[in-house]
Amino acid sequence: MKLDDTDKAIIEVLQDDGRMPFSTLGPRVGLSPPAVRQRVLHLIEEGVMQVVAVTDPTTLGFTVQAMVGIEVEGPTEPVAGALAAIDEVDYVVVVTGRFDVLIEIVAEDSEALMTSLATVRSLPGVRRAEIFVYLRLEKQTYNWGTR
């Protein structure tokens, strides 16, 4: 989907305040509220953006987070798809470099993390998994704009 300047303006404003009502958003980007609503819904339907609540997992009782680097044996795509189907895995990306896939696991505690890792390691095609447990989240942002 090709984004025009209005689409980009909508995205940038919503990155600052995803709860902004269409009645406020429309005039900020030069559209009527019904027109901006239609644009926002189209951007969501096309998969360009999502409007979600971003939480701090620790405040919700998830005390352990880890990034896991995975080396794959054979084709990467089936393994990435199987990893994406695991509920505890909230992030899956196919990468270049030392690992073939990186995933993030958010768990209630160390025991839950170990259970999730056992599931990951048992998948066909997973050759090796290296775990990086987060000690502290220094920065997390989603407002990179549309450049």
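Could you check Leu83 against (1) farther than 30 Å from Met1 by Cβ; (2) within 19 Å of the chain's Cα centre (by Cα) and say which number it fails?
(1)
Does Thr24 meet the test of being within 30 Å of Ile103 (Cα to Cα), more than 14 Å from the chain's Cα centre (by Cα) and without any contact (Cβ under 8 Å) to a residue 60 or more places away in the chain? Spell out the reasoning first.
On the way: within 30 Å of Ile103 (Cα to Cα): no; more than 14 Å from the chain's Cα centre (by Cα): yes; without any contact (Cβ under 8 Å) to a residue 60 or more places away in the chain: yes.
In short, no.
Can you pull out every residue in the range 27-64 that is farther than 21 Å from Tyr142 by Cα and in contact (Cβ under 8 Å) with a residue 60 or more places away in the chain?
Val64 - this is the single residue of the range 27-64 that is farther than 21 Å from Tyr142 by Cα and in contact (Cβ under 8 Å) with a residue 60 or more places away in the chain.
Of the residues that make up the range 65-72, is at least one under 20 Å from Thr146 (Cα atoms) and of a type in the set (A, V, I, L, M, F, W, C)?
As a first pass, look at the range 65-72 and keep what is under 20 Å from Thr146 (Cα atoms): none.
Within the range 65-72, none of the residues are under 20 Å from Thr146 (Cα atoms) and of a type in the set (A, V, I, L, M, F, W, C).
Can you name the residue in the range 131-147 that is charged (D, E, K, R), more than 17 Å from Ser110 (Cβ to Cβ) and at pLDDT 80 or above and is also surrounded by the fewest Cβ atoms within 10 Å (Cβ to Cβ) among such residues? Before the answer, list the steps.
So in the range 131-147, the residues charged (D, E, K, R) come out as 136, 138-139, 147.
Checking the rest, the ones that are also more than 17 Å from Ser110 (Cβ to Cβ) come to 138-139, 147.
Subset that is at pLDDT 80 or above: 138-139.
Values: Glu138: 6, Lys139: 4.
Only one residue fits best here, namely Lys139.
Looking at the range 27-47, is at least one residue closer than 30 Å to Tyr134 by Cα, part of a loop (DSSP other than H, G, I, E, B) and not hydroxyl-bearing (Ser, Thr, Tyr)? Walk me through how you get there before you give the answer.
If we filter the range 27-47 for residues that are closer than 30 Å to Tyr134 by Cα, which is where we start, we get 47.
So of that shortlist, the ones also part of a loop (DSSP other than H, G, I, E, B) come out as 47.
Cutting the leftovers down to not hydroxyl-bearing (Ser, Thr, Tyr) gives us 47.
Yes, the range 27-47 contains a residue that is closer than 30 Å to Tyr134 by Cα, part of a loop (DSSP other than H, G, I, E, B) and not hydroxyl-bearing (Ser, Thr, Tyr).
Which condition does Thr76 not pass, out of (1) more than 17 Å from Leu123 (Cα to Cα); (2) in contact with an Asp or Glu (Cβ under 6 Å, 6 or more places away or on another chain), if it passes all the others?
All conditions pass for Thr76, except number (1).
So Val48 clears everything in (1) in contact with a Gly (Cβ under 8 Å, 6 or more places away or on another chain); (2) within 30 Å of Val106 (Cβ to Cβ) except one condition, right? Which one?
Exception for Val48: condition (1).
Can you go through Asp109, Asp87 and tell me which one is over 27 Å from Gln15 (Cβ atoms) and at pLDDT below 95? Outline the logic, then answer.
Working: Asp109 fails: at pLDDT below 95.
The conditions single out Asp87.
Any residue at all in the range 123-138 that is more than 30 Å from Leu3 (Cα to Cα) and within 16 Å of the chain's Cα centre (by Cα)? Explain how you work it out, then say what you get.
Taking the range 123-138 as the starting set, the residues that turn out to be more than 30 Å from Leu3 (Cα to Cα) are 123-138.
Now narrow it down to the ones that are within 16 Å of the chain's Cα centre (by Cα): 137.
Yes: one or more hits.
Take the range 1-23 and flag every residue that is surrounded by fewer than 13 Cβ atoms within 10 Å (Cβ to Cβ) and either assigned to a helix (DSSP H, G or I) or out of contact with any Asp or Glu (no Cβ under 8 Å at 6 or more places or on another chain) (or both).
Matches in the range 1-23: Lys2, Asp4, Asp5, Asp16, Asp17, Arg19, Pro21, Ser23.
Within the range 57-69, identify whether any single residue is aliphatic (A, V, I, L, M), surrounded by 15 or more Cβ atoms within 10 Å (Cβ to Cβ), at pLDDT 95 or above and not assigned by TED's automatic domain parsing to the domain that holds Thr96, and answer yes or no.
no
Please tell me if Arg128 is outside any loop (DSSP other than H, G, I, E, B) and not assigned by TED's automatic domain parsing to the domain that holds Asp16.
Numbers: outside any loop (DSSP other than H, G, I, E, B): yes; not assigned by TED's automatic domain parsing to the domain that holds Asp16: yes.
So Arg128 fits the description; yes.
The values are calculated or read from the model by the stated rules, or taken from the named source; none is laboratory data. Everything numeric in this text was worked out from a predicted model, so none of it was measured. When we count neighbours, we look across all protein chains shown, and the Cβ atoms used for this are built from the backbone with ideal geometry, even at glycine.
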